[in-house]
Amino acid sequence: MRYPAVLEGYSDANWISDSKDTKSTSGYVFTIGGGAVSWKSSKQTCIARSTMESEFIALDKAGEEAEWLRNFLEDIPCWTKPVPAIMIHCDSQSAIERAQSGMYNGKSRHIRRRHNTIRQLISSGIISIDYIKSKENLADPLTKGLSRDQVYCLSRGMGLKPDN
């Protein structure tokens, strides 16, 4: 096998790309062994006030899915136990810093709840979060239009195109 059987995730958001639209787009992809096993692209249900907030909302959704996938892997008898923390790659350093901060100083209640959820997932060892460059973020095509070369490269990263 070319890749180890490790579950990892990628999270991204596009903050209000259309002036007629008031909601951002979230996307996540999870891979095992270099192949996509779970992905989603959706409009966010609440209005984000900044790029950081939209990335944070996307990170929360990815965290929910990571928890479900981890529980699923725990139920597979032949899967190595314990399942390690799932690394979620995010291209927003400010969202990562906010997630890793024990304090939330914002006034938005919908972000405070998400902050508490992500902090709980991190402290319980379910997820960990690290920075990835936007051009290497496999969730990027789920949030915005990209060039053909970018789509091709990221599709290969998801295991959707042969390596040749």
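Throughout, read-outs are computed from the coordinates displayed, never taken from laboratory work. In this text, all values refer to a predicted model and were calculated from it rather than measured experimentally. Positions of Cβ are backbone-derived with ideal geometry, glycine not excepted, and every protein chain shown enters the neighbour counts.
Average projection, convex hull of the Cα set of the chain: 10.2 square nanometres.
For Ser101 and Thr117, the difference between the fully extended length at 0.36 nm per residue and the C-alpha to C-alpha distance is 4.5 nm. Only aspartates and glutamates eight or more places from Lys81 in sequence, or on another chain, were considered; those with a Cα closer than 17 Å are Glu8, Glu67. Modelled spin labels at Asp21 and Leu146, positioned 7 Å past Cα toward Cβ, are 1.7 nm from each other. For the range 7-157, averaging the sequence separation of C-alpha pairs within contact (under 8 Å, six or more residues apart) and dividing by the residue count gives a relative contact order of 29 percent.
Take the Cα of Ser128, step 7 Å toward its Cβ, do the same at Gln93, and the gap between the two points is 2.0 nm. Computed about the Cα centre, the dipole magnitude for the chain is approximately 440 debye when only Lys and Arg (+1) and Asp and Glu (-1) carry charge, each at its Cβ.
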